[in-house]
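Contents: one structure, followed by commentary.
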Amino acid sequence: MAAHFFIMTAGQRDDLMAMNDPNASINPRAIDAADPGTATNLNPDAVGFAVGDDVSLTGKFAAPKRIVDDPDYQAYVPDMIAYLLELPYALLEAEMIFAPIED
């Protein structure tokens with residue numbers, strides 16, 4: 001099933017995790033598929049990207065876009081939401097960007 005994901009570098013992931021609060025935290029997952037390719041940015045407010053620009057997924061991290069609509073995140077980590085809203089996001093299939101989790 002496709003969902004919107006924010007796409008970020010390792011440094012941006014570190015910045016976001018530093019904003020974590022006990023009531024609302026984030027831990028973006030590494031895009032670890034063998035060949036994730038590129039995605040199309042859908043965020044008109046993404047810094048350094050226009051809508052329709054390709055965004056490389058190789059070596060990047062992803063977090064669900066729905067985070068910015070969550071009331072706990074809005075209440076406890078508004079700076080995190082503001083930061084996320086400046087990152088590119090794309091409609092992605094989790095099965096295509098994440099390697100299967102080994103049991």
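No lab work stands behind these numbers, since they all come straight from the coordinates. None of these values were measured; they are calculated from a predicted model. Cβ atoms come from the backbone with ideal geometry, glycine included; neighbour counts cover every protein chain shown.
Give me the distance between the Cα centres of region 1-33 and region 36-76, rounded to whole Å.
If we compute the Cα centre of each part, the gap is 10 Å.
If you put +1 on each Lys and Arg Cβ and -1 on each Asp and Glu Cβ, how big is the dipole of the chain around its Cα centre, in Debye rounded to 20? Please report the intermediate quantities before stating the final value.
Working: 5 positive and 17 negative charges, 24 e Å.
The calculation lands at about 120 debye.
Hey, of [x] 1.04; [y] 1.15; [z] 0.97, which did the structure itself give for Cα Rg over 2.2 N^0.38 Å when calculated?
[x]
What residue among 47, 80, 100 has its Cα farthest toward the positive end of the dipole of the chain, where the charges are +1 on Lys, Arg and -1 on Asp, Glu, each on the Cβ?
47
For the chain, which GluC sites (Glu not before Pro) pass both filters: DSSP loop (anything but H, G, I, E, B) and at most 11 other C-beta atoms within 10 Å? Can you show the working numbers first?
On the way: sites: 86, 93, 95, 102; in loops: 86, 102.
Qualifying residues, ordered by number: 102.
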